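Notes to accompany the following structure.
The values are calculated or read from the model by the stated rules, or taken from the named source; none is laboratory data. Keep in mind that what you see is a predicted model, and the values were worked out from it rather than measured. With ideal geometry, Cβ positions are generated from the backbone for all residues, glycine too; neighbour counts draw on all protein chains shown.
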Amino acid sequence: MDTQLNVLARNPLRILEQRLHADPTRVVLRPFHLGWQASSAPEGRALRLVRDVAGLTEERVEQEYALVLHDFLDRHWQTEHMFETRYAEVAQALHLGDTPFSATRRKLIGAYFCHEYTYAAAALMNPSIVPHPDQSGMAEGTVRFILSLRAVGEGHISSIAFREGIASDDGSFSLWPESAFATAVQRTDHGAADSGDSIVTVERNPESSLSNTVIFPITEQQANGLEDLRLVRLDHGDEDYEWVGTYTAYSGKSIRSELLRTRDFRSFTLEPIQGRAGRNKGMALFPQKIDDQYVMVGRQDGKNLYLLKSDRLDRWDDDGVLLMEPEYPWEFIQIGNCGSPVLTDAGWLLFTHGVGAMRKYALGCVLLDRDDPSRIIGRVKEPVLTAENADRAGYVPNVVYTCGVLLMGQDHVLIPYGISDISVGFANARVQDLLALMV
């Protein structure tokens, strides 16, 4: 199943055959907004739409709704229930009160305020990977994991998708299959105001698996995408874990780093990172406190890597201390992290990316001191993974990129990685082989 990567003669990475690709058949039902900020006026589009449907005879309503079910019933999970839920939201927003519509007419109105969205039609890319909260029944040397993916769909809007699977300490892995239906998380704090600093809470449907769940942009700051989630299992001590991810919230005009937090991957909070450091992107959290402080790696000046510390997970005022500068030609333009570091017997293993001539992205790695991660023990002189041959072609060519790796025991890492901003591949390597490349 494996083929040996031939980028460098000494390269220890093995490229695995499995790939994940964009899939225009993966669709979800999403709310379709018609700008009901002007809905109180007779000319409001949303209110006019409701009145148009209200003006149909009951026979025509039955006919039109039958057409909707013919086209969409088998393409989505709990389709009619979603239409009913959407009508209730519309009725509340438009102050329809107890308008005496039949059940079929209500569902038809709900259907007019929904649409299909192909959330992964353009690309799947930039994955991260963490241990699953549920490790029950796992054999020795195996771990259940969660893979997060940046899914790009209509309008080039990025959302967060997930896959679950099992990895073995020999570097092999398998993914659980997806069902025919995907569902979007639902917001549970509808009464909360969407201020610039608001915290949003969402939940996945209790009857839907995580592998079929998508988190879409919700706030105005997130409107054009949730980009490059870097997930990590944060250890609070005494077997108390929280899963935290940093991502870039892109409004279409500005960026901001935000946090995704969950303890069970059923309920999630999305919240902005406060402080000066939150203005930047590509922040990666260490999986545990060091000297009683949270620690991040970030690229605060757009070119170099910095080490940041904070007493609070949600606020980062410190601009940090310089950790790494570009040193080799394949990283002369800029360097950045490729997700959270993993703790090995030798120290913190941090994967990095470098950008060289012709904006070619490549992966490298560095070893940081366990107790003082501002001290570099070693780093590779040459990249451990670059885009080669057919993998150079894509939406953004000549790119390999990851947002996190999984350490299996102390000897193997499983590395999911984005390929030219269009698909996801997988590689594995022995930790000792990576360390042997470092100077």
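Points to keep in mind about this one:
- Residue list for the stretch 241-288, filter: in a loop (DSSP other than H, G, I, E, B), at pLDDT 95 or above and either out of contact with any Leu (no Cβ under 9 Å at 6 or more places or on another chain) or not assigned by TED's automatic domain parsing to the domain that holds V130 (or both): R263, D264
- Any hit, the stretch 405-425, residues being part of a loop (DSSP other than H, G, I, E, B), in the same structural domain as I129 (by TED's automatic domain parsing), under 24 Å from E327 (Cα atoms) and not hydroxyl-bearing (S, T, Y): yes
- Residue check, G155 in the same structural domain as C403 (by TED's automatic domain parsing), surrounded by fewer than 22 Cβ atoms within 10 Å (Cβ to Cβ), part of a helix (DSSP H, G or I) and modelled with pLDDT under 95: yes
- Filtered residues of the stretch 88-137 (kept if at positive phi, assigned by TED's automatic domain parsing to the domain that holds G165 and free of Cβ contacts under 8 Å to residues at least 60 places away in the same chain): G137
- Of all residues in the stretch 118-143 being of a type outside the set (A, V, I, L, M), within 24 Å of F181 (Cα to Cα) and surrounded by fewer than 23 Cβ atoms within 10 Å (Cβ to Cβ), the one that is farthest from the chain's Cα centre (by Cα): D134
- Pairs are defined by a Cβ separation below 8 Å, a sequence spacing of at least 6 or placement on different chains, a first member in the stretch 54-76 that is outside the structural domain of Y112 (by TED's automatic domain parsing) and in contact (Cβ under 8 Å) with a residue 24 or more places away in the chain, and a second member that is surrounded by fewer than 14 Cβ atoms within 10 Å (Cβ to Cβ) and among the charged types (D, E, K, R); no pair meets this definition.
- Subset of the stretch 158-200 (residues that are part of a strand (DSSP E or B), under 30 Å from E220 (Cβ atoms) and modelled with pLDDT under 95): T183, A184, Q186, R187, V200
- Some residue of the stretch 340-358 being in a strand (DSSP E or B), without any contact (Cβ under 8 Å) to a residue 24 or more places away in the chain and either in contact with a helix residue (DSSP H, G or I) (Cβ under 9 Å, 6 or more places away or on another chain) or not charged (D, E, K, R) (or both): no
- Residue match in the stretch 312-335 (condition: within 30 Å of I199 (Cα to Cα) and among the polar types (S, T, N, Q)): no
- Residue match in the stretch 117-130 (condition: aliphatic (A, V, I, L, M), closer than 22 Å to R266 by Cα, assigned to a loop (DSSP other than H, G, I, E, B) and in contact with a strand residue (DSSP E or B) (Cβ under 7 Å, 6 or more places away or on another chain)): yes
- Filter result (among the aliphatic types (A, V, I, L, M) and farther than 16 Å from V202 by Cα) within the stretch 230-248: L231, V232, L234
Condition check ((1) in contact (Cβ under 8 Å) with a residue 60 or more places away in the chain; (2) more than 24 Å from G298 (Cα to Cα); (3) buried (at least 16 other Cβ atoms within 10 Å of the Cβ)) across all residues:
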residue	(1), (2), (3)
V202	yes, yes, yes
E227	yes, no, yes
R233	yes, no, yes
W243	yes, no, yes
K253	no, no, no
S257	no, no, yes
N280	no, no, yes
